[in-house]
Amino acid sequence: MHAVHWPFRWLGELVYPRACALCGTTLSPDAPWACSHCTSRFMDDLSGAFCPRCGRVAEPYMVSPDGCRHCKGQRVHIDALVRVGTYEGPAGQLVIRYKFNRCQYLDAILGTLVADAIAGQAWASQIEALIPVPITLWERWGHGFWPVGLLVRAAARKLNIPVWRAAVVRGKKRRQAELPASARAANVRGIFRIRGSQHLAGRTVCVVDDVATTNATINEMAKILKKAGARAVFAAVVAKTTPEKIFSKNRDQGP
Ligand SMILES: [Zn+2]
Ligand SMILES: [Zn+2]
């Protein structure tokens, strides 16, 4: 793979100087993927405390395995969730550039960030495979590629575990972004189908998605994976939104 890719990347850098993946300013040759200003913004976002059950931003003293005030008592199928950063912060910015500006080359950066986020969790060593949330062919055509499919490959390489494409999707009835929080779980109910469930019996896996708002999608995935025999299902997302902010600001916004 690398032998094929590196000359093009090298040529690309001669023609287009490397730019910060977040703000677009030109980078010095020794800089990583973001400028120093964006790196420090990113580190702040990454180091923020979040609820291990729903992924929402939480005060450090309020972080508990039972959940935060938003998700405590709510029925969830995922055993725990980790996020790289917030959708409102630089992690969300990076996902938007990746998915909607056809910046496919960000897959390795995003995959590494997801792998590092998983590796920092107490449950990391239990994970036997990563399972990407599938999208429809139509969605794939819209993006020009499969955003989660690519980044999950990079994450799995870094964690040295396989990727299982254990589920396929029938297509949502409506785009989640068009719906209020209360309608999203019903909109994704029954849309995924397991393929090859024999792999899943007794296994511990981690579902990966790019963005989570109400967690309806990853919860539905966890539900069917457990139905197919998975022992435990964890989840990792790049960017977690604060649903309250989105729904109070604009009902039509967000993923
Ligand atoms: Zn920058
Ligand atoms: Zn919570």
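For (1) in a helix (DSSP H, G or I); (2) under 28 Å from Lys226 (Cβ atoms), each residue gets a yes or a no:
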| residue | (1), (2) |
| --- | --- |
| Tyr61 | yes, no |
| Gly67 | no, yes |
| His77 | no, yes |
| Val84 | no, yes |
| Gly111 | yes, yes |
Checklist entry - What's the number of the condition Ala80 fails, among (1) among the hydrophobic types (A, V, I, L, M, F, W, C); (2) surrounded by fewer than 18 Cβ atoms within 10 Å (Cβ to Cβ); (3) under 30 Å from Tyr105 (Cα atoms); (4) within 16 Å of ligand 2 (Cβ to nearest atom)? => result (2)
Next on the checklist: Which count do you get for residues in region 106-140 that are in contact (Cβ under 8 Å) with a residue 60 or more places away in the chain and among the aromatic types (Phe, Trp, Tyr)?
Outcome noted: 1
Checklist entry - Which condition breaks for Tyr61 when tested against (1) farther than 18 Å from Val237 by Cα; (2) in contact (Cβ under 8 Å) with a residue 24 or more places away in the chain; (3) within 16 Å of ligand 2 (Cβ to nearest atom); (4) among the aromatic types (Phe, Trp, Tyr)? => result (2)
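Rule-based calculations on the coordinates, nothing more; no lab input. Predicted model only: the values in this text are computed from it and were never measured. Cβ sites come from the backbone with ideal geometry, for glycine too, and all protein chains shown count toward neighbours.
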